[in-house]
Structures are given as structure tokens and as C-alpha cells.
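Input: a single structure, listed below in C-alpha cells.
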Amino acid sequence: MAVVAGVRVFGSKGPSWLRCGRWAPLSAGFCSPGAAATPRREAEAPRPTSSRQRDGIRNIVLSNPKKRNTLSLATLRSLRSDILHEAESKDLKVIIISAEGPVFSAGHDLKELTDEQSPDYHTEVFQTCSEVMMLIRSHPVPIIAMVDGLATAAGCQLVASCDIAVASDKSSFATPGVNVGLFCSTPAVALARAVPRKVALEMLFTGEPISAQEALRHGLINRVVPGEQLEAETMRIARKIASLSRSVVALGKATFYKQLSQDLRTAYVLASQTMVDNLALRDGQEGIKAFIQKRKPSWSQ
Amino acid sequence: MAVVAGVRVFGSKGPSWLRCGRWAPLSAGFCSPGAAATPRREAEAPRPTSSRQRDGIRNIVLSNPKKRNTLSLATLRSLRSDILHEAESKDLKVIIISAEGPVFSAGHDLKELTDEQSPDYHTEVFQTCSEVMMLIRSHPVPIIAMVDGLATAAGCQLVASCDIAVASDKSSFATPGVNVGLFCSTPAVALARAVPRKVALEMLFTGEPISAQEALRHGLINRVVPGEQLEAETMRIARKIASLSRSVVALGKATFYKQLSQDLRTAYVLASQTMVDNLALRDGQEGIKAFIQKRKPSWSQ
Amino acid sequence: MAVVAGVRVFGSKGPSWLRCGRWAPLSAGFCSPGAAATPRREAEAPRPTSSRQRDGIRNIVLSNPKKRNTLSLATLRSLRSDILHEAESKDLKVIIISAEGPVFSAGHDLKELTDEQSPDYHTEVFQTCSEVMMLIRSHPVPIIAMVDGLATAAGCQLVASCDIAVASDKSSFATPGVNVGLFCSTPAVALARAVPRKVALEMLFTGEPISAQEALRHGLINRVVPGEQLEAETMRIARKIASLSRSVVALGKATFYKQLSQDLRTAYVLASQTMVDNLALRDGQEGIKAFIQKRKPSWSQ
């Protein structure tokens, strides 16, 4: 699959789930000052992520194992591009993010964070990283992390930010920034929303890794399987989601995150309206009728 | 126990915990347009819930096992009525919600959600359901779910909404709406406030059930016991609560949910004031004096 | 180490993390009406807490085992003083709070809560208690609870309020206020932010204790070890934290709690700025350069 910064996707103002409010639109990174020349340079180097899609399932792979799949600015942009590519296409139902090599991702590239780079550059790194993490949440399809190895710092943040995560039993997770004098404050945003507070604080204050089993127990990941079953188990979940109505799942995902930060009453007002809207979707009625008629539903998308 | 929509309870504006703000008062359902004729018709059909009370413990039973205890609009209204009945009586200390048959509740009645019914009707269904769930939280006494079997969709929401839940080891829990094209967005409101985010998302995106043991591990329920011990264990907890001061428990429950969504400082301002108010209650002083005098307290209510 | 209410620390308005907004500054307790005479009287009685510091690790010990280390107003003030003492000193890296005797803390002293004391006095007790709990969170260094025994009511709140908690396997935790007619509403503030909602509600409504293993499973504590390993395990974590840069850890801790109650986008704006600020710290650059140069970092503080 050719991966291009999809003009179709970003036409005019882009879909509503891309409009970010406080910060610039997510697509702005593609045309921010200084970035104009980047694509050309990037085109010369191998892309740090790769992407292929089949039967509604897109596999995005962090493919720079020699650099421990660090989330350099180039990698973050490439990842963002792969996630955003034809996001509105009805052929896309679910995304899996995985990695080549024994390290899922070692987080930011520390060489980009020395004082040889300006604070403005540092700001761009963290802003782009935050945008990718928020993009996972605002994206219309579920995004699954498939982890086989070590995920640290922003790599751990990436796992925490995905909707679902499956990991091999040899995987581990850490936020070790304190060891190099850079507290994992942005990873903490995602981590603190995934695991109990004290678990997050111990990881952040000591930098020590937790095992896949501990990550499972605390809610950071959904399943732990032997390495040889990792792909099969992840694909089982992905295929299940790909068999569902995209429009129904997209509506549900958007409302889930929207209601989460509201008080109970506001959450119910939002979610009740979503239920009524869901019933007004073609696939909403098709699903219910198929159930009553005891037949398989035929989704419009 | 005769169950009547208690005029005493709903006199004038009703107690303060019933005033809902944004939506109509919870009691409005009893006199909403179209509902006026309902009681007569309902009187002809057997009530879909039953209720009895003894020693301060009210047992409300979903009693329509042939229809898998679906939360039809009639069932939701019946459940609401049973929960609200003489809610202010000092004879009521705790409520248990259970069900007849192998399914605790299969959630909404899908036949009520086809396009043969108007969007207004759909709105009434979800609004009534949300009111029942919020009523559990705003009710002055603790409400315990006793689950022996499958709880799905709004049935799972009901379990998640109760203050405490006890389940038999054969019970399971699911939000399978996606399978019929109706994402469990309202159940997600309660689910997301009970379990870690990724657990909720996997349940919502795949529709697959989790076992009682998994539900226990993730905080959806409090205890899992063999089926034959379910009632004994639930009653043990209920009797303990029934032995306490109703006014003290009611004050504590209300403050618990109130402080939950506040920032830490506001939460402590609220809760500190509650402690002082609690000490000013007759039962507050009685309890402390009994403790100091090494005797059993004698509660006023 | 002599423990004095550090004039240096509380000079003028004190550091920014002490400014509390709605309530009076935390240091106000030291000069509130009626408290002026207290030090003299306290000087005659043995202090209810003791404190010593070595190699950056401060050990504060609740040292009134005969009174089950109740958090009387005098104890709360003494604890506050020990926590605040030279809090800005670069020699302080981490605090451990532990207790003498088989009870970590039995919570408030009920004799202070009878109607022989005025509501104003009760207010002062709960306000001081809340200040101590919030102080743990706003303090620049991580604070670890080391628990070997029973922690109930405000004692359980103290454990829940610490950043990290380690407990011996014989420890247990309860919020039994309902038994004496005083619902644990202020402990609930900390408890509800540490464990799943239903776990908190069962503890609050029944007053029954949970074991160290249960507390671990639900996130109330971080580790459970045999009693004879408790100090070694706690010190291992403390020494690790003491080996890190104080300024980096302080910045990270402050941002962690700040972003926690924000929506995701605001949280990322805050945390991204913190990352940039962290990189501008001397220790931020030192850590990264040491990493790149494969040497041990040398922290400025």
C-alpha cells in the first residue's frame, strides 16, 4: 500500500474528529515551518514505519529496530501519516501497531533532546508526540498495540494510548526517564489514565520495568500470550472488530472518550443521544432487524 | 409488600436527592405523556419486577425470566418504582437487586428499538434507563447487585451502577451491542467508571463476555462465590449494612459520589464539612460515646 | 536531627507549592489562634512523631504505639511539621512514613470528636488532617508509606495519600467509621482515588478490613513483603529515588498530580511544557549527555 499524506483526507478542514481546538489542526505538522523540506530528505532515508492493509485491518510497523524503534520526530511523523492515511475510508476497520525487533520502542531519541537543539525544536518533538497519542483516541477506528518486547518512555506511552493492547509474555514496560534526568511527564499522561495511581507513580519515580503479567493485572494491557501466539491472538481481536459495522464502532468510540471526563449526568445525556443516533443509522436498524429475524446482518460499511 | 408509586415520597418536590437539574425530576416518568394510561394496562400483565422487604433489607427481583429479564420500558419503570418506594422510610436500610432464571438481565428489549417506534420513544427508553442508573447512586441507602448468570448490555450497566455487587462463579458480563449494530454507549458510562479503560474498551469493541473472576479482578464486582453461597454472602453484607445507622450511611454515600468528580482540595472541603455534620448527628455522637463506653450503640434510625 | 518548625522554610509566603488558594496556607496552623501556646505544652509531652534523616532519606515515625498511633490534632501537627521541615533543602530526596508497634495508625482520636469539643474544634481536626494529606501530594519529594500492621480510617487515608506504599504481609486496611456512627468521608477522598469504586464502597459501607494482598491487587499499596523484609524493600526503593536528581523528580511529581484532573488535551499541553522545562534544567542536560557519553550522571541536586 502506497502511503501518502492523503490529500483527500485533509481536504479543506478535514473531518470533525481532526479539529483540535487549542492546538493547530493535527494536519498542520505536515506544513509547519521547516517541515516543508522534510519529506524530500525523508524520501531518501528508508521510512521508519511501514504500513499494509488487508481485509479492513491495517498493520503499521515501527521498522527501525537498529535504533530500538525510537520515536524520533521523523518516526512520529511517519507514524502519524500511516495512522491518518485514508482514515475516512470505509475499507479501514481497525489498526494494529507493532514493531520489528526485540524492542517495541525505546521512546524519544535522546539525541534530539540535547541543548544542541533549540527549545523550539524540543517543543515540536513533544507536541508531535502528543498529537499522535491524541490522534489514536480521536481516530474513528479502534487501534490495537501488539507488543513483543520492551516498551519504554514514549514507547510505553504509545501502548497506554492505544484502545486495546496485546503483549507477549516476554514484554515489559517502563518509564525510566528519571535515570537520564528527564522525568517521563508526557508518558505519565497516558499511563496515569490506564493504571492505578500508585502503580504509575512507582514506575515514574523508580524507572523500574514491570512485567507483562503486572501490566495485565493493572490494566495497561488486555492480554498476555506466549510469543508464538501473539499475532494469532491480536488478529483474532482485529478480525472480530473488522466484522462489525464501521459507522457503529466509530460512533461508539467517539462517545466513549467524550463521556469519560464528564460528570455522570452529562455523560448519560451524551450517551443517550448517541444511542438514539445509533438507532437512526442504517446499520443500527439492520443489526437489530437481523437479530430479530435470526439472520446475519449485512453492514453498509 | 404492596408496591405503590409512593405519594408520600413524591409529595410536592420530593427529597433533595431526587432533584436532577438538567433533566426532569425522576418522578416525572410517572406522569409523563402517554404514561397515564400505562398503570392500568400494566395492572393486567404481571409486574416485571417484584419486591419484598424485611428487617430493613429490600429485595427487588427482576421476574421476567422468559424474556431474559430484558429492561423493557415497563421493566425499567417497575424497577424505578420499587427502588423509589418509601425510599425515605427509616425502615429501609439497604436494597438488593437480583433476578429470576439463568439470565440476570439481557439489557434493553430490542423490539422496542426498531424503527417501528419513533425516535421520541427511543429517547424515552434510554432516558428512563439512565434515570434508574443515576437513581441507584443518588438513593439514600446502599444498593447491592446479586448476580447469578449472564448480565449483558444494560444488564451489565445495572451491575456496574450498583454500589456493591456479589456474583456466583457461573456469572458473566458483556456489552455485546456491537454485534447487533447498537454500540453499548450508555452501558459504557457505568462500565468505564467501574473498570480500567482498556478492559471497558475491549468489552465494548469485541462484545465478548468476561467471567466472574475477571470481573472481580477488574473491580466490576466485589465478590465471587459458588452459586449455593450467593444468597448467604449477599445477605451477610446486607445485614451488616442494615445494622448501621441509616442517617450516617446516607450522609456518607451522598458525599462519596459528590466528592468523586471534584479536584482534591474541593473534595476535602466537602468531605471535611460532612465529617463535622456527621458528628452533629445524634447517631454520630451516640456511636462515639458507645465506643468510648465500650457498649453497643443504639441508633435513632 | 533536631526538628524545628523551619523558619527558613516558612519565610515570607513560602514556596509556591505551599500556597493553597481556598484555605489558609498550610503553615498557618503553626500560628493559628490557640496554637501559640501549644508548642510549650507539647514540649512537655513526648512528641507523637519522631524524625531522622540520612543520605537524603528522611524517616518519620508515628511513635505513640500505646495510643495506637491515633492521628490526634497534636500528632497531625507534629507529622506536618516533620514533613515540612527543611522541605526545600537539597539534602532531602525522599520521605518514609512508618509507625512503632502493631498498629500503623488507628485514625482520628475519637475522644477529640465528642460533643465536649465544639464544632469549630472538630473542623480544625479535619482541616488539619486534610492539609497533611494534601501536603504529601504537593511536597517536592516522593513520600513512601511503610506499613507493618493495621491502618484504619485516617490511618488508611494516610497510606492512600502517599505516593508509594510498601506493606508487610500481616498488614490490613479498613475504613470502619460506620461502626461508630462516623462515616469515613475524608478517608474516602483518598481511598476513592486509589482503588476501584466498588472496592472503596464496600470498605466504607461494611467497615470490614482488606488484607495486604487485596490492597495490593486493588492498587492501594505497591508491594507486599514478609515483615522481616519490609525495611529492606522500602529502603531499596527510597535509595533508588535518593540517587536521582531532586529537581527533576520534583518537577515530574508536581506535573503528575496537576495533569491528572485535566482533560487529555490540557494534560498534554501541561506535560509537554514540563518536558521542555525539564530539558532546560541543568540536570536534564547532564543526564542526557551522561547517557550518550555512557557515563554516570553527576546531579547538581
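Note on A:127-134: average number of Cβ atoms from other chains within 10 Å of each residue's Cβ is 3.
In the neighborhood of residue A:215, defined by Cβ-to-Cβ distances under 14 Å, what is the net charge if each Lys or Arg adds +1 and each Asp or Glu adds -1? With Lys, Arg at +1 and Asp, Glu at -1, the neighbours total +1. Projecting 7 Å from Cα along the Cα-to-Cβ direction, the label point of residue C:298 sits 7.6, 7.6 nm from its equivalents in the other copies, listed shortest first.
Taking all protein chains as they are arranged and a probe of 1.4 Å, the heavy atoms of residue B:120 leave approximately 120 Å² accessible to solvent.
Among residues of chain C, the one whose Cβ lies closest to the rotation axis carrying chain C onto chain A, together with that distance rounded to whole Å, is C:217, 4. A probe of 1.4 angstrom, applied to the heavy atoms of all protein chains, finds residue B:240 with accessible area near 50 square angstrom. Each other copy places its own label point for residue B:243 at 5.1, 5.1 nm from this one, sorted shortest first, where the point lies 7 Å along the Cα-to-beta carbon line.
Could you run the numbers on buried accessible area between A and C, total for both chains, 1.4 angstrom probe, in Å² to the nearest 100? Before the final figure, lay out the partial values.
On the way: alone 16070 and 16090 Å², together 27670 Å².
So the total buried area for this chain pair works out to about 4500 Å².
Position residue C:208: other-copy label points at 3.2, 3.2 nm, ordered by increasing distance, label point 7 Å along Cα→C-beta.
If a/c stays under 1.5 just call it rounded; otherwise compare a/b with b/c (prolate if a/b is bigger, oblate if not). Do that for the protein assembly as shown, with a ≥ b ≥ c from the square roots of the Cα gyration tensor eigenvalues. Walk me through the numbers before you get to the answer.
Values: a/c = 1.92, a/b = 1.00, b/c = 1.92.
Oblate shape, in that a/c is at least 1.5 and b/c is the bigger or equal ratio.
Annotation for residue B:115 and residue A:114: the two label points, set 7 Å from Cα along the Cα-Cβ direction, are 6.4 nm apart. Given a 10 angstrom Cα cut-off, can you work out which residue in B:46, B:209, B:140 is the most mobile in a GNM of chain B? Per the Cα network of chain B with a 10 Å cutoff, B:46 tops the list. Among A:118, A:161, A:78, the largest mean-square fluctuation in a Gaussian network model of chain A, built with springs joining Cα atoms closer than 10 Å, belongs to A:118. The mean number of partner chain beta-carbon atoms within 10 angstrom of a residue's beta-carbon across peptide A:246-252 is 4. In this structure the amide hydrogen of residue B:301, modeled in the peptide plane, comes within under 5 Å of the amide hydrogens of B:246, B:247, none closer than 5 places in sequence on its chain.
Between residue C:88 and residue C:169, the FRET efficiency estimated from the beta carbon spacing at R0 = 35 angstrom works out to 0.40. The accessible area of residue B:276, taken with all protein chains in place and a 1.4 Å probe, comes to roughly 20 Å².
Interface residues of the stretch B:88-122, defined as those losing at least 10 Å² of solvent-accessible heavy-atom surface relative to the isolated chain (probe radius 1.4 Å), are listed as B:110, B:111, B:113, B:114, B:115, B:119, B:122.
Is any residue of the stretch B:102-131 close enough, with backbone N under 20 Å, to a label point placed 7 angstrom from the Cα of residue A:289 along the Cα-Cβ axis, and if so, which? So the set is B:109-123.
Pop out the carbon and sulfur fraction of the accessible area of the stretch B:246-292 as a percent, whole number, probe 1.4 Å.
Numbers: 940 of 1590 Å².
That share works out to 59 percent.
Taken per residue, the accessible surface of chain C reaches 39 Å², heavy atoms only and a 1.4 Å probe. For chain B, the relative contact order works out to 14 percent when only alpha carbon pairs closer than 8 Å and six or more residues apart are counted.
For chain C, a Gaussian network of Cα nodes joined below 10 Å ranks C:212, C:74, C:165 by mean-square fluctuation, and the top entry is C:74. Comparing Cα centroids, the stretch C:220-273 and the stretch A:151-187 end up 15 angstrom apart.
Counting protein heavy atoms only, the stretch C:16-242 has 50 percent of its accessible area on carbon and sulfur, 1.4 angstrom probe. For the segment C:161-170, counting C-beta atoms of other chains within 10 Å of every residue's C-beta and taking the mean gives 2.
The values are calculated or read from the model by the stated rules, or taken from the named source; none is laboratory data. This is a predicted model, so every value here is computed, not measured. Here the Cβ is made from the backbone with ideal geometry for all residues, glycine too, and neighbour counts use every protein chain on show. For the accessible areas, the whole protein counts, side chains as well, though only heavy atoms, and no ligand, DNA or RNA atoms are used. Shrake-Rupley method; radii C 1.70, N 1.55, O 1.52, S 1.80 Å.
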